[in-house]
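**Student:** Next up is a structure, given as structure tokens.
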Number of protein chains: 2
Amino acid sequence: MSESDETGGEAAAMEEALRSEGVRLTRQRRAILQVLAEAADHPDAPELHRRVQEADDTVSLATVYRTLSVLETKGVVQRHAFEGAPARFETADAPHHDHIIDLDSREVIEFTSPEIERLQKEIARRHGYEVVSHRLELYCRKRR
Amino acid sequence: MSESDETGGEAAAMEEALRSEGVRLTRQRRAILQVLAEAADHPDAPELHRRVQEADDTVSLATVYRTLSVLETKGVVQRHAFEGAPARFETADAPHHDHIIDLDSREVIEFTSPEIERLQKEIARRHGYEVVSHRLELYCRKRR
DNA sequence: GTTTGTATTGCAACTCATTCGCAACTGCAG
DNA sequence: CTGCAGTTGCGAATGAGTTGCAATACAAAC
């Protein structure tokens, strides 16, 4: 544990959480978890697969998809399906946030707005609903 | 024109707009436009196809998709890709709105919030961006 | 350690929504 | 009317993601 840095610790913490949920920890899952914890961006499944294979080229794309599903249902990973693009993934360490998508670079910026959050709840209530989940994405271009 | 009601007028208005944009008005496109104008809900392509075929069973699903693309680029139709479901469509008559999706009935309720809209622009600006488009969806359940 | 039963994997085949190639057809400008 | 570029129907192709199945590998019990 002396050699672990932040992302190393993150992956380890996730493994811990998964083990206690009865998820079997395989070589493949460890590798995927590791790469995801190290990722600063929001990779899609094929990109994740590519990165995982650098460390372990026996991992198949199917397993990447299956593992992502497991991790998502266990609350360890978040899936985002942005407009007209394959789904992208990130670790669910940060509490909650919405996204700005840079239309030119496809870069993703995270933000939170308690104010918007509050207004959403209020609007739902006004219509007789309660919010189970929501999706807020701003497709943007850099201002010059 | 004496027998036309609101939706009839809506379809006619759209045809007008399209003709002036140089879009060729075929029997199929008229039928699709008509059905869309009459729809109170947000049908997906196969459902739209089903409804169109009641009036004209020579219209193919491929043409429904192609027509929807044309109508979308001409700004006459709006496409919405809600979570984990095929895209759904509506006429772009109302100015702009976001959606509440009833998770149980799949019903869609429209709403607007100038306040949220304003906050979105502000957030984008704070990050050096300007909003090109956005997507705000509230996945909800009825309150009891 | 070894055994063992079940979860997990790799592969290839499959699904689902949507798009495309192409030959036949048809609005509509002249 | 004519002509031809824009449209259509068909079925085949695509792209993202899922699944059946036999082989494999966790990890709990010995």
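We did not get these values from a lab; they are worked out from the coordinates using the rules stated. The model shown is predicted, which means the values in this text are computed figures rather than measured ones. A quick note on method: Cβ atoms are made from the backbone with ideal geometry, for glycine too, and the neighbour counts reach across all protein chains shown.
**Student:** For the range A:70-78, indicate whether the set of residues that are within 13 Å of another protein chain (Cβ to nearest Cβ), assigned to a helix (DSSP H, G or I), without any contact (Cβ under 8 Å) to a residue 60 or more places away in the chain and under 20 Å from A:M14 (Cβ atoms) is non-empty.
**Tutor:** Looking through the range A:70-78, at least one residue is within 13 Å of another protein chain (Cβ to nearest Cβ), assigned to a helix (DSSP H, G or I), without any contact (Cβ under 8 Å) to a residue 60 or more places away in the chain and under 20 Å from A:M14 (Cβ atoms).
**Student:** Sort out which residues of the range B:44-87 are within 12 Å of the chain's Cα centre (by Cα) and under 21 Å from B:I100 (Cβ atoms), and write them in order of number.
**Tutor:** If the condition is that a residue be within 12 Å of the chain's Cα centre (by Cα) and under 21 Å from B:I100 (Cβ atoms), then B:D44, B:V77, B:Q78, B:R79, B:H80, B:A81, B:A87 are the ones that fit.
**Student:** Next question. Given the criterion out of contact with any Ser or Thr (no Cβ under 8 Å at 6 or more places or on another chain), within 14 Å of another protein chain (Cβ to nearest Cβ), acidic (D, E) and away from DNA strand D (no atom under 15 Å from the Cβ), identify the matching residue among A:D93, A:D41, A:D102, A:D98.
**Tutor:** On the way: A:D93 fails: within 14 Å of another protein chain (Cβ to nearest Cβ); A:D41 fails: within 14 Å of another protein chain (Cβ to nearest Cβ); A:D98 fails: out of contact with any Ser or Thr (no Cβ under 8 Å at 6 or more places or on another chain).
Result: A:D102 is the single residue among A:D93, A:D41, A:D102, A:D98 that is out of contact with any Ser or Thr (no Cβ under 8 Å at 6 or more places or on another chain), within 14 Å of another protein chain (Cβ to nearest Cβ), acidic (D, E) and away from DNA strand D (no atom under 15 Å from the Cβ).
**Student:** Going by what's in this entry, would B:L48 be described as touching a helix residue (DSSP H, G or I) at 6+ places or on another chain (Cβ under 8 Å), closer than 30 Å to A:H134 by Cα and of a type outside the set (S, T, N, Q)?
**Tutor:** Answer is yes for this residue.
**Student:** Give the residue that is farthest from the chain's Cα centre (by Cα), with candidates limited to residues of the range B:88-112 that are touching a residue at least 60 places away in the same chain (Cβ under 8 Å) and surrounded by fewer than 15 Cβ atoms within 10 Å (Cβ to Cβ).
**Tutor:** Step one: list which residues in the range B:88-112 are touching a residue at least 60 places away in the same chain (Cβ under 8 Å), which gives B:91, B:93, B:107-108.
Cutting the leftovers down to surrounded by fewer than 15 Cβ atoms within 10 Å (Cβ to Cβ) gives us B:93, B:107.
On the way: B:D93: 9, B:E107: 14 Å.
By that ranking, first place goes to B:E107.
**Student:** Please name all residue pairs, on different chains or six or more residues apart, with Cβ atoms under 8 Å, provided the first residue is in the range A:20-48 and is within 19 Å of A:G84 (Cβ to Cβ) and in a helix (DSSP H, G or I) and the second residue is of a type in the set (F, W, Y) and within 10 Å of DNA strand D (Cβ to nearest atom).
**Tutor:** A:A45/A:Y65; A:A45/A:F89
**Student:** Answer yes or no as to whether B:T58 is within 9 Å of DNA strand C (Cβ to nearest atom) and over 28 Å from A:A85 (Cβ atoms).
**Tutor:** On the way: within 9 Å of DNA strand C (Cβ to nearest atom): yes; over 28 Å from A:A85 (Cβ atoms): yes.
For B:T58, the condition - within 9 Å of DNA strand C (Cβ to nearest atom) and over 28 Å from A:A85 (Cβ atoms) - is met.
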